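Participant: Quick one: structure below, then a few questions.
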Amino acid sequence: MSENGIGAAVRRKEDHRFITGGGRYTDDINRPNQVYAYVVRSPLAHARITGIDASEALSRDDVIAVLTGADMAAEVVGGLPCGWGVCNKDGSPMAEPAHPPLATDTVRYVGDQVAVVIATSRAAARDAAELVDVDYDELPAVTDLASAGADGAPQIWEEAPANVCFDWEIGDSAAVDEAFSKATQTASLDVVNNRLIPNAMEPRAAIGDYDRGKDEYTLFTTSQNPHVIRLLMGANVLGIPEHKLRVIAPDVGGGFGSKIFHYAEEAIVTWASKRLGRPVKWTADRSESFVSDAHGRDHISHAEIAMNDDGEFLGLRVRTTANLGAYLSTFAPSVPTYLYATLLAGNYKTPAVYCEVKAMFTNTVPVDAYRGAGRPEASYLLERLVDKAAKVAGLTPIEIRRRNFVPNDGFPYQTPVALEYDSGDYFAVLDKALEISDYDNFAARKKASANKGLLRGRGLSTYIEACGIAPSNVAGALGARAGLYESGTVRVNPTGSVTVLTGSHSHGQGHETTFAQLVHEALGVDIDAIEVVHGDTGKIPFGMGTYGSRSLAVGGMALVAALDKIKAKARKIAAHLLEASEDDVEFENGELRIAGTDRAVTFGDVALAAYVPHNYPLDVLEPGLEETAFYDPKNFTFPAGCHICEVEVDPDTGVVNVDRFCAADDFGRIINPMIVEGQVHGGVTQGIGQALFEECVYDNESGQLLSGSMMDYCLPKADNVPNFDVATNVTLCQHNALGVKGCGEAGAIGAPPAVINAVVDALSEYGVEDIAIPATPQRVWQAIQSASR
Amino acid sequence: MPSTVSFTLNGEPVSAEVSSRTLLVDMIREQLGRTGTHVGCDTSQCGACVIHVDGVSVKSCTMLALQADGADVVTIEGVARNGELHPMQAAFREHHGLQCGFCTPGMIMSALDLLQTNPDPSEGEVREWLEGNLCRCTGYQNIVKAVLSAAATMRG
């Protein structure tokens, strides 16, 4: 292994700018003659707009314009589009209401965009927004799933009777019924998956900059996928041809899914910039982020599992209600369906699985993909249920899993819910987790905790996820309205340095390093002479961006395909320079050599020859050395793993402390182990956040967001989490040449059930069998008090 | 009424016209053009805006620009000297203490202040000290590792 090639813990190339204050995030950018936008948002959860009086705001010298939904509707093509269609059980399409960037007649959640004030400074725009007088006729609102489906619930959309967006199913219901009829034991679980607010550290921001001379638009935005924004905003909202619209997502301060989607503010600043003839900048306050970034999760489910006498799973039946919020966000319908229910087979060979999902509109912020997107909901439900099933069957949590795992010789494995797993070794990751968690010495630790008056509990989860989204034709058949390939260009410069242009986007993942390692491995070029460019539609080929742990498995593979083309052409050039047959030229360690001889040229010689083609086979080969490839994966990838958590619970206060957390994961081949570990640490911490701290709370009477600031929504802090022990066990992905699977979401998928299973285990001596998530001190204390009575 | 504020920023004298409500972070970012200091919240929770004023770490979103008049202000841009990374910066890179980089300047400025008063902190002390700095990417483990490593380097 080269010290900078595949498998090396190369220190990140991008770090220098971030540790010296040289990062360039959207809000760091200012354009000449720029003005500032502040969005007037609805303070009500559901209301008719009966009038907007902006005269007082407009009377201020520093206010340039106040624009409303009526102004925008007169000029734009359409509303914010939904990129994924889902059908009802009867085959009819889902309800798909319009989503104007600025509300025209009705607001449907607290935070809905009503108007935009544009002024000469941010403070002036904010001040003037206070002066915009909006008259509302308040309507009854509903924010929670149970109430949204109740008889007589307030109706949010005419086209969605009973607030149902779609009522969808997957799997063989009859086969599951038959499994239950044969079962000798069953277990069931009612489970809530708590609603979360992603909270990437960088608030969203956008700058629209219209160039009148060229009739061209530039949008700087905090996006994980600038081409997707260009496509959706250009074609669906503003009617701007793609060649006239450049979208730049510069350094982006975390995304976790929340920066995938096309948001209203992007369209508003782009449109307003042309209308006003000046660049328009908008930056969210954190308070705005809470009421305008898409939220995540928010499911209520009932699940039942059928077993035989040996505790082998015969069938699984799941009924889920999912909250989509007030409007369909960009990929919302895919999350509680194809990214959720298709994962309900888990790591198990359960022969029959059936799931029905009713997706509801409520008067809340739109809900969409958040780290894991559907897969954490599946793994939480399944791994809680499997622990319950173990108790029913009289088996340990480990034994019941081992009895039901897909065996190592069972791959490829076709699940009853659409997916085909290509590889894995679930026994090995379980064993690895047991080993690093010092599983066998738990009793001694439990005793030591008891001596301190604390209850120690242990929980485990085994998870599988589907990453790399996806083969385009499969995704298309399932409702995706976009392709899901990735692009990569390798531009070898005349002096031998390399510029990579990738459609993937890094907002913390470290592509500038990992992708450079792939180039170094393939071409032998010094890693410092490799530059990775991303996030600018004016520079990179059309790409789909980063989400679903897809960058390496799809974007990396596009890069590998482009590198293969470069190597093939380089061998042709080298063969000419060496006066040899192309078949005799070997390419290794940056040298192209006639096999078995000492006659060689360097890759640098070849690059120079390609651009200064004086001695070059011009009759058969084009000059230059630049190749582009698009890669469409053959299947999802299937990372899997086992997470083991130990908690200490203080029975007097209900405080849960995560004392130990071990993660053993199979991510396929690992390019940079340092970066992979970092991804696991971060994902696990978000998973612990979901399990113990984070909860988005609405007041169902008023529709107000109660957890609307970092003071009210508890994010994990440095002293809330322990050091994590992480390990990997590799089985290679069978359908991509790198053998990679993806690692970005695993922690957020595996951790919540491991943590809650541990809390339930700790409280088991009180007879507690279940605890609502997040297991806050209040909930834990109440569970202890109720059980003790 | 605008007033003139003058202070030393990373060793150089600066001044700007500000209003009485201008926050120090806005003056530094918007008027002085040093964008390494970030704003991640509006409730003084996240710590992305931590800088040093007269040698002490402060959340610059929670201080008025006027209050900095005459002060010695250091931001992330002033931590490296003569092109040499400070050991704390080097440790963040070495130990992968950052991912998206948005919280990083505040983390580094906060950690530097910790080591001024406690040059040999325990892991628990580092975690407790960094309670006022949120990171959503790293799970804190490598940040803590970086701070402990920098402390060891700086003690020599």
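Participant: When the dipole is taken about the Cα centre of region B:3-78, and only Lys, Arg (+1) and Asp, Glu (-1) are charged at their Cβ, what size is it in debye, to the nearest 20?
Facilitator: Values: 4 positive and 9 negative charges, 37 e Å.
The calculated dipole for region B:3-78 is roughly 180 debye.
Participant: With just the Cα atoms of chain A, tell me how far they stretch along each of the three principal axes, in Å, largest first.
Facilitator: If we take the Cα atoms of chain A, the spans are 90, 73, 53 Å.
Participant: On the accessible surface of the protein assembly as shown, probed at 1.4 Å, how many percent belong to carbon and sulfur atoms? The partial results should precede the final answer.
Facilitator: Details: 15410 of 32220 Å².
In the protein assembly as shown, the share of accessible area belonging to carbon and sulfur is 48 percent.
Participant: How large is ³J(HN,Hα), in whole Hz, for each residue of region A:479-487 in order, when computed from phi with the Karplus curve 6.51 cos²θ - 1.76 cosθ + 1.60 and θ = phi - 60°, using x for Gly and Pro?
Facilitator: Result, ordered by residue: x, 5, 9, 8, x, 9, 8, 9, 10 Hz.
Participant: Another question about this same structure. At a 10 angstrom cut-off on C-beta neighbours, averaged per residue, how do the peptides A:777-785, A:23-31 rank from highest to lowest? Spell out each step's value before the answer.
Facilitator: Values: A:777-785: 17.3, A:23-31: 19.9.
Output ranking for A:777-785, A:23-31: A:23-31, A:777-785.
Participant: How many angstrom lie between the C-alpha centres of region A:92-141 and region A:399-467?
Facilitator: Using only Cα atoms to place each centre, the spacing works out to 47 Å.
Participant: What ranking of B:Asp26, A:Asp133, A:Asp425 comes out by heavy-atom accessible area, probe 1.4 Å, highest first?
Facilitator: Details: B:Asp26 55, A:Asp133 80, A:Asp425 35 Å².
Ranking B:Asp26, A:Asp133, A:Asp425 by accessible area, largest first, yields A:Asp133, B:Asp26, A:Asp425.
Participant: Tell me, which residues of region A:200-217 get at least 30 Å² less accessible area when the other protein chains come in, versus the chain alone (1.4 Å probe)?
Facilitator: A:Met201
Participant: Please list, ordered by chain and number, the residues whose modelled amide H lies under 5 Å from the amide H of A:Glu695; skip anything fewer than 5 residues away on the same chain.
Facilitator: A:Cys714
Participant: Would you tell me the mean number of C-beta atoms belonging to other protein chains that fall within 10 Å of each C-beta in A:9-19, as a whole number?
Facilitator: Values: counts 1, 0, 5, 5, 1, 5, 12, 4, 2, 14, 20.
That average works out to 6.
Participant: If amide hydrogens are placed 1.01 Å from N in the peptide plane, which non-local residues have theirs closer than 5 Å to the one on A:Arg660?
Facilitator: Counting only residues 5 or more places away or on other chains, the set is A:Glu646.
Participant: Let me know the charge dipole size of the protein assembly as shown about its Cα centre in debye, to the nearest 20, where only the beta-carbon of Lys, Arg (+1) and Asp, Glu (-1) is charged.
Facilitator: Values: 75 positive and 122 negative charges, 99 e Å.
Computed charge dipole of the protein assembly as shown: roughly 480 debye.
Participant: Leaving out ligands and nucleic acids, note down the accessible area per residue over the protein assembly as shown with a 1.4 angstrom probe, in whole Å². Working shown, then result.
Facilitator: Details: 32220 Å² over 945 residues.
On a per-residue basis, 34 Å².
Participant: Let me ask something else. Which whole-Hz couplings ³J(HN,Hα) result when phi for each residue of region A:549-561 is put into the Karplus expression 6.51 cos²θ - 1.76 cosθ + 1.60, θ = phi - 60°, listed in order with x for Gly and Pro?
Facilitator: 6, 9, 4, 6, 5, 10, x, x, 6, 4, 5, 4, 5
Participant: From the backbone phi of region A:313-320, what are the Karplus-calculated ³J(HN,Hα) couplings (6.51 cos²θ - 1.76 cosθ + 1.60, θ = phi - 60°) in whole Hz, Gly and Pro given as x?
Facilitator: 6, 9, x, 9, 10, 9, 10, 10
Participant: Counting only residues 5 or more places away or on other chains, whose amide H sits under 5 Å from the amide H of A:Phe724 once H atoms are built in the peptide plane?
Facilitator: Hits under the 5 Å cutoff: none.
Participant: Of B:Asp69, B:Asp54, B:Asp42, which is the most mobile in a GNM of chain B whose springs link Cα atoms less than 10 angstrom apart?
Facilitator: B:Asp42
Participant: What distance in nm separates the simple spin-label points at B:Val14 and A:Asn441, each placed 7 Å from Cα in the Cβ direction?
Facilitator: 5.2
Participant: What does the structure give for A:679-688 when I average, per residue, the other chain Cβ atoms found within 10 Å of the residue Cβ? Please list the in-between numbers first.
Facilitator: Working: counts 4, 2, 9, 10, 2, 2, 7, 3, 1, 1.
Per-residue shielding by partner chains comes out at 4.
Participant: Using DSSP to call loops (not H, G, I, E or B), can you name the trypsin sites (Lys or Arg not before Pro) in region B:1-83 whose Cβ has at most 14 other Cβ atoms within 10 angstrom?
Facilitator: Working: sites: B:Arg21, B:Arg29, B:Arg34, B:Lys59, B:Arg81; in loops: B:Arg21, B:Arg34.
Those that pass, being in a loop and sparsely packed, are B:Arg21.
Participant: Which whole-number percentage describes the relative contact order of region B:56-156, with Cα contacts under 8 Å and a sequence gap of 6 or more?
Facilitator: With pairs under 8 Å counted, the relative contact order is 36 percent.
Participant: Only sites in a loop by DSSP and with at most 13 other Cβ atoms within 10 Å count here; which chymotrypsin sites (Phe, Trp or Tyr not before Pro) in region A:232-289 make the cut? Don't jump to the answer; show the numbers that get you there.
Facilitator: On the way: sites: A:Phe256, A:Phe261, A:Tyr263, A:Trp271, A:Trp282; in loops: A:Phe256, A:Phe261, A:Tyr263.
Qualifying residues, ordered by number: none.
Participant: How big is the Rg/Rh ratio for chain B, C-alpha atoms only, Rh by Kirkwood, two decimals?
Facilitator: On the way: Rg = 15.4 Å, Rh = 15.7 Å.
Here Rg/Rh amounts to 0.98.
Participant: Okay, moving on. At R0 = 45 Å, how high is the FRET efficiency between A:Lys89 and B:Glu131 if r is their beta carbon distance? Nearest 0.05 is fine.
Facilitator: Working: r = 49 Å, r/R0 = 1.09.
After rounding to 0.05, the efficiency reads 0.35.
Participant: Something else: For region B:3-78, what's the radius of gyration and Dmax over Cα atoms, in angstrom?
Facilitator: Here Rg and the maximum Cα pair distance are 10.9, 30 Å.
Participant: Moving on. Using +1 at the Cβ of each Lys and Arg and -1 at the Cβ of each Asp and Glu in chain A, identify which of A:Ser581, A:Thr495, A:Ala294 lies farthest towards the dipole's positive end.
Facilitator: The one lying farthest along the dipole's positive direction is A:Thr495.
Participant: Ranked from highest to lowest mean number of other Cβ atoms within 10 Å per residue, what is the order of the peptides B:3-14, A:644-655, A:59-70?
Facilitator: Result, highest mean first: A:644-655, A:59-70, B:3-14.
Participant: Counting only protein chains, not ligands or nucleic acids, how are A:Tyr327, A:Tyr766, A:Tyr36 ordered by accessible area (probe 1.4 Å), most first? Before the final figure, lay out each step's value.
Facilitator: Values: A:Tyr327 5, A:Tyr766 70, A:Tyr36 35 Å².
Result, largest first: A:Tyr766, A:Tyr36, A:Tyr327.
Participant: In whole Å, what is the distance between the alpha-carbon centres of region A:560-592 and region B:51-98?
Facilitator: What the calculation gives is 50 Å, centre to centre.
Participant: With a 1.4 Å probe, how much accessible area is buried between chains A and B, both sides summed, in Å² to the nearest hundred? Provide the component values of the computation, followed by the final result.
Facilitator: On the way: alone 28310 and 8130 Å², together 32220 Å².
Roughly 4200 Å² of accessible surface disappears when A and B pair.
The values are calculated or read from the model by the stated rules, or taken from the named source; none is laboratory data. These numbers were taken from a predicted model, which means no experiment stands behind them. In this analysis, Cβ positions are derived from the backbone assuming ideal geometry, glycine residues included, and neighbour counts consider all displayed protein chains. The area values use the complete protein model at the heavy-atom level, side chains included, leaving out ligands, DNA and RNA. Shrake-Rupley method; radii C 1.70, N 1.55, O 1.52, S 1.80 Å.
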